[in-house]
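Heads up, the thing below is written out as structure tokens.
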Amino acid sequence: MMNISFKRLFFLLVSCIAANLQLYAQDKPILIFDTDFGGDADDLGALAMLNHFHNKDEMQLLGVMCWNLEKYAVSAIDAVNTHYGNPNIPIGRRLGEVHETPWNHSEVIAKDLVHDVTLKNVPDATELYRKLLSKSEDESVIVVAVGPLMNIKMLLDSEPDNYSKLSGRELVHRKVKEFVIMGGNFPMSENEWNFDGNMPGVTKYVLENLKLPITFSGAEVGASLKTGEVFNQLPKDSPL
Ligand SMILES: [Ca+2]
């Protein structure tokens, strides 16, 4: 009799743990980070935070898409991920002509910290988006975009391929559950970089074609948050 009770108790306990794990697994956000890394410090800070929460198992950083075609941008992103112990997070890049922007912080980070990928040997962002989304559960991925939206436009316009027979538009609406987009200035403004990006029509196209929940974070939010002093106290090998 005692034996049966113990078995029941054990079964109940395992069931509870399994149920909790399942609940936790469902709740854990799965993110793709789309960034114009290299100019302002906020993308660097955001990438560090994402690595931190990824390591705490509070979310999964599924991949990083680099909008910036600056020579060292992808290397610097990989260096940050590697610094936080995540050298294998896949990185995709926007196709286009590579340039050098000496005032970007990417070159310093890439030259000072360990990394093993560059702009030349990572896949096109559209291809990586399609690969990652096709392997994901339906309505499971959150795309966080903190730069201009060209990578999203290219994804929406993509054709069926080896990863999925769905069009880009179908794939996005099947696999993504939410977009979080940093851009604009609310209630209104002109020429905010992320929504302008010297790419007329891209933001309008993306927003008109996304039929999914979108959370916007305008430039006025960041402008009201003054921070940075604490970074002076960090060890010299920190990318921050
Ligand atoms: Ca940005």
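The values are calculated or read from the model by the stated rules, or taken from the named source; none is laboratory data. Nothing here was measured: the structure is a model prediction, and the numbers come from that model. Reconstructed Cβ throughout: ideal geometry from the backbone, glycine too, with neighbour counts over all protein chains shown.
Among the candidates VAL98, VAL122, VAL108, the residue that is farther than 25 Å from SER158 by Cα, hydrophobic (A, V, I, L, M, F, W, C) and away from the ligand (no atom under 16 Å from the Cβ) is uniquely VAL108.
Here SER134 meets each of (1) of a type in the set (S, T, N, Q); (2) closer than 20 Å to ASP42 by Cα; (3) at pLDDT 95 or above with one exception, condition (2).
Within the range 212-238, restricting attention to residues that are assigned to a loop (DSSP other than H, G, I, E, B) and under 18 Å from the mean Cα position of the chain (by Cα), which residue is nearest to the ligand (Cβ to nearest atom)?
Result: GLY218.
Only one of the numbered conditions (1) over 20 Å from the mean Cα position of the chain (by Cα); (2) of a type outside the set (Val, Ile, Thr); (3) closer than 28 Å to LYS204 by Cβ; (4) modelled with pLDDT of 95 or more is violated by GLU127, and that is (1). Restricting ASN198, ASN209 to residues that are within 23 Å of the chain's Cα centre (by Cα), farther than 24 Å from MET49 by Cβ and surrounded by 12 or more Cβ atoms within 10 Å (Cβ to Cβ) narrows the list to ASN209. Scanning the range 192-212 for residues that are closer than 23 Å to ASP42 by Cβ and out of contact with any Ser or Thr (no Cβ under 9 Å at 6 or more places or on another chain) yields a count of 9.
On the stretch given as the range 1-35, residues that are at pLDDT 95 or above and either away from the ligand (no atom under 16 Å from the Cβ) or more than 25 Å from LYS135 (Cα to Cα) (or both) total 2.
For VAL141, state whether it is touching a helix residue (DSSP H, G or I) at 6+ places or on another chain (Cβ under 8 Å), touching a residue at least 12 places away in the same chain (Cβ under 8 Å) and crowded, with 23+ Cβ neighbours inside 10 Å.
yes
If you go through the range 34-80 and pick out every residue that is among the hydrophobic types (A, V, I, L, M, F, W, C), outside any helix (DSSP H, G or I) and surrounded by fewer than 24 Cβ atoms within 10 Å (Cβ to Cβ), you end up with 4. Give the range 162-189 a look and list any residue that's among the β-branched types (Val, Ile, Thr) and either away from the ligand (no atom under 15 Å from the Cβ) or not in a strand (DSSP E or B) (or both), or say none. Residues satisfying the conditions are VAL172, VAL176.
Assess whether VAL146 counts as being within 14 Å of the ligand (Cβ to nearest atom) and modelled with pLDDT of 95 or more.
Answer is yes for this residue.
Answer yes or no: is there a residue in the range 190-209 that is more than 16 Å from the ligand (Cβ to nearest atom), hydroxyl-bearing (Ser, Thr, Tyr) and outside any helix (DSSP H, G or I). So far as the range 190-209 goes, no, none of its residues is more than 16 Å from the ligand (Cβ to nearest atom), hydroxyl-bearing (Ser, Thr, Tyr) and outside any helix (DSSP H, G or I).
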